[in-house]
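The values are calculated or read from the model by the stated rules, or taken from the named source; none is laboratory data. Please read these numbers as outputs of a predicted model, since none were measured by experiment. We place every Cβ from the backbone using ideal geometry, glycine too, and count neighbours over all the protein chains shown. Side chains are part of the model used for accessible areas, which takes the heavy atoms of the whole protein and leaves out ligands, DNA and RNA. Shrake-Rupley method; radii C 1.70, N 1.55, O 1.52, S 1.80 Å.
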Amino acid sequence: MKHYSPTQLALKRLRSHKLAMISIGILVSLAILVISADLFTALLGIDPNAVNLMNRTAPPSAEHWLGTDVLGRDVLARLLYGGRVSLFVGLTAALAAASIGTFIGLCAGYFGGRLDALLMRTTDSVLALPALPVLIVLAALDLKKIGLPDEIAYSENVSFFRIVFIVALLGWTTVARLVRGATLTIKERDFVFAAEGSGGSHFGIMFRHILPNLVSSIIVAVTLSTGSVILLESTLSFLGLGIQPPMASWGAMLTNAQETIWEAPMLAVYPGLLILITVISFNFLGDGLQDALDPRATS
Amino acid sequence: MIGYLVIRLSQSLLVLMIMSFVIYSLIGLMPGDPIDLMISSDPYMTSEDAAHLRSLYGLDLPIYERYWNWLMSALGGDFGYSRLYNQPVAQVLVPALMNSVQLLVVALVLSISVAVPAGVLAAYRQRSVFDYSVNLFAFAGISIPQFWLGLMLIMLFAVLLGWLPAGGIAPEGAPLGEQLRYLLLPAITLTMTSIGSHARYIRSAMLEVLRQDYIRTARAKGAGASRVIWRHALRNALIPFVTVLALDFGFLFSGALIVETIFAWPGMGKLIFDAIMGNDYNLALLSLMLATALVLTGNLLADLAYAWLDPRIKLGSRG
């Protein structure tokens, strides 16, 4: 009889989840496409930020496969570069939020008592904030008033780091609650007592003995939240508060779509469709991973 | 029950106080200040005048003193003037709140009247094509950018077909049918994202309840399948759903901001957005605090409704 390790079993279960497997395929091909954006534009000789007002909202042609936008820029090239930004923001912000949440949840669950009460009331307060309006305020803040020097506050890439930062600032609560709950049960297990008895330090026990048991739930949470971060980024960029031009993101490409919906309806369709496909893939993948990694929790 | 109510209420008030300070500080960090705006509209103002005005309005005080002054006049009913509307802030907020409530209520009714039957049917016909469609719909709902859904609906129904207005609100005193024409697209956009997940929630709550002994008892005593499902099971499945609805309020409110902005619906969400973008500090401050208070009330109601609807829950057992 063949024996399987837990990882092999999880992979086997994941492989039987058809939608998750399709999603992996879609996400991998999207990643390859956006990474090879440079190659593509070099081959066709296109600059994604080059404005050409003589060639506005042109239909698809041999040179511009998906046509051009209201400023005469190549739509396909901008979709690829925009996808790079959207995917990268989604992954980094989700990881950053999960790291903060893991740390807070571990501390709250492991130390308990007053610290736990304080951290959990903070979590409740953050959850009580109306998320989108507060994100809009955070995105509109004047960075100079926080004390950042001019060259950072008004640099070109600041919109990118700002959005990662503010999403992480509000997004850690889900993981924190999840990790706290799991820590509460795991810290009563014998191997934790053994580690404590043999003189392990608090942080050593938290990160070397408790954290490895939580990895699978954290992976699921990160996958699911990457999707929602991409949605948030696109919403803020659409409202003109996220990624700033000339940098493209799928949401930013839709900023003026409402005004041009009469003359160039397809400009509004492509970026939104890509957001939908990407986010739904992350959600299906997260669902599949959940079933694969935690077979007891199936509904 | 009374003790529990008092504890929860005072907790919520405390959180609201802390959050109001956080929001006040954040608004203070937004670009410019009211005096900057005055300077830009008055070329004869010198920097001494500006400094004088800043101390006159108390803008040179430390943040906690400014917050305290604001709080005291706010508790006295004076929230200041709105820069964009040239009216007291409270007068701007009330009609906007009414418009938002109208939109949210229609969206909520629409969501419940589709999600509850769909969820029940999906649970009853588990693993059927219908069940899988509900699941797919739920995933699509949480994955679609709400603003893009709105754009697509505008494109289809307002631009291509020309059946419905692309945005705005019906003029005052318009007949009900006309008002509904303006409400339809925003309300659908707002609910589309939550209908699927609500149906999925009802489905799993129903499956949970249908496993219980009292359902078998009811069947054994000769109650028909439809009676058991609609009378016995649904009633118990709705208890957790009420909580979900109340907790979803914050989410719905965030959605309303997007939907109102796209459809030019003059509600709270659009007001908050316009106030932040237009440097209308007083308006932004009060509307954000009102939104926070509404979300907190939603959470509080969720807790209370849960306790009230389900007598099995022991009150005060959780902090």
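Considering only residues that are small (Gly, Ala, Ser) and surrounded by 21 or more Cβ atoms within 10 Å (Cβ to Cβ), look in segment B:270-297 and name the one that is nearest to the other protein chains (Cβ to nearest Cβ).
Pass one, segment B:270-297, residues small (Gly, Ala, Ser): B:275, B:278, B:284, B:287, B:291, B:293.
Then drop every residue that is not surrounded by 21 or more Cβ atoms within 10 Å (Cβ to Cβ), which leaves B:275, B:284, B:287, B:291.
On the way: B:275: 10, B:284: 7, B:287: 8, B:291: 4 Å.
Among those residues, the one meeting the criterion is B:291.
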- line: Across segment A:232-267, the tally of residues that are of a type in the set (A, V, I, L, M), buried (at least 24 other Cβ atoms within 10 Å of the Cβ) and assigned to a helix (DSSP H, G or I) stands at 4
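If the requirement is being aliphatic (A, V, I, L, M) and within 25 Å of the chain's Cα centre (by Cα), which of these qualifies: B:53, B:59, B:121, B:110?
Exactly one residue qualifies, and that residue is B:110.
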Output for segment A:99-112, where each listed residue is open to solvent by 10 Å² or more (accessible area, probe 1.4 Å), under 20 Å from the mean Cα position of the chain (by Cα) and among the small types (Gly, Ala, Ser): A:99
message: Here is a check on your reading of the model: is residue B:164 touching a helix residue (DSSP H, G or I) at 6+ places or on another chain (Cβ under 9 Å) and modelled with pLDDT of 90 or more?
response: no
- request: State whether one or more residues within segment A:289-299 are open to solvent by 10 Å² or more (accessible area, probe 1.4 Å), at pLDDT below 85 and either facing chain B (nearest Cβ under 10 Å) or in contact with a strand residue (DSSP E or B) (Cβ under 9 Å, 6 or more places away or on another chain) (or both).
  value: yes
task: Sort through B:71, B:16, B:59, B:9 and tell me the only one that's without any contact (Cβ under 8 Å) to a residue 40 or more places away in the chain and either under 14 Å from residue B:289 (Cα atoms) or not assigned by TED's automatic domain parsing to the domain that holds residue B:290 (or both).
output: B:59
message: Criterion first (surrounded by 19 or more Cβ atoms within 10 Å (Cβ to Cβ) and either touching a residue at least 12 places away in the same chain (Cβ under 8 Å) or assigned to a helix (DSSP H, G or I) (or both)) does residue B:304 satisfy it?
response: no
message: Between A:253, A:247, A:266, which is over 21 Å from residue A:134 (Cβ atoms), modelled with pLDDT under 90 and in contact with a Pro (Cβ under 6 Å, 6 or more places away or on another chain)?
response: A:253
message: If residue B:148 meets every condition in (1) in a loop (DSSP other than H, G, I, E, B); (2) at pLDDT 90 or above apart from one, which number is that one?
response: (1)
field: The listed residue being open to solvent by less than 50 Å² (accessible area, probe 1.4 Å), modelled with pLDDT of 80 or more and either closer than 30 Å to residue A:119 by Cα or among the aliphatic types (A, V, I, L, M) (or both), out of B:23, B:18
entry: B:23
- request: Considering every residue within segment A:149-160, establish whether at least one is within 13 Å of chain B (Cβ to nearest Cβ) and under 25 Å from residue A:239 (Cβ atoms).
  value: yes
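I need the full set of residues from segment A:56-70 which are polar (S, T, N, Q) and open to solvent by 50 Å² or more (accessible area, probe 1.4 Å), in order please.
Initially, segment A:56-70 is screened for residues polar (S, T, N, Q), giving A:57, A:61, A:68.
If the condition is that a residue be polar (S, T, N, Q) and open to solvent by 50 Å² or more (accessible area, probe 1.4 Å), then A:61 is the only one that fits.
Among B:88, B:95, which is the only one that is more than 14 Å from every other protein chain (Cβ to nearest Cβ) and open to solvent by less than 50 Å² (accessible area, probe 1.4 Å)?
B:88
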- prompt: Can you spot a residue in segment B:175-189 that is in a helix (DSSP H, G or I), within 23 Å of residue A:266 (Cα to Cα), within 9 Å of chain A (Cβ to nearest Cβ) and in contact (Cβ under 8 Å) with a residue 24 or more places away in the chain?
  reply: no
message: What pairs come out if I take residues in segment B:23-34 that are more than 8 Å from chain A (Cβ to nearest Cβ) and pair them with residues that are part of a loop (DSSP other than H, G, I, E, B) whose C-beta lies under 8 Å away, six or more apart or interchain?
response: B:33/B:59; B:34/B:57; B:34/B:59; B:34/B:83
- request: Starting from residues that are facing chain B (nearest Cβ under 8 Å) and under 18 Å from the mean Cα position of the chain (by Cα), keep the ones in segment A:236-270 and report whichever is farthest from residue B:135 (Cα to Cα).
  value: A:238
query: Could you list, in sequence order, the residues of segment A:113-131 that are closer than 17 Å to residue B:294 by Cβ, part of a helix (DSSP H, G or I) and open to solvent by less than 10 Å² (accessible area, probe 1.4 Å)?
result: A:128
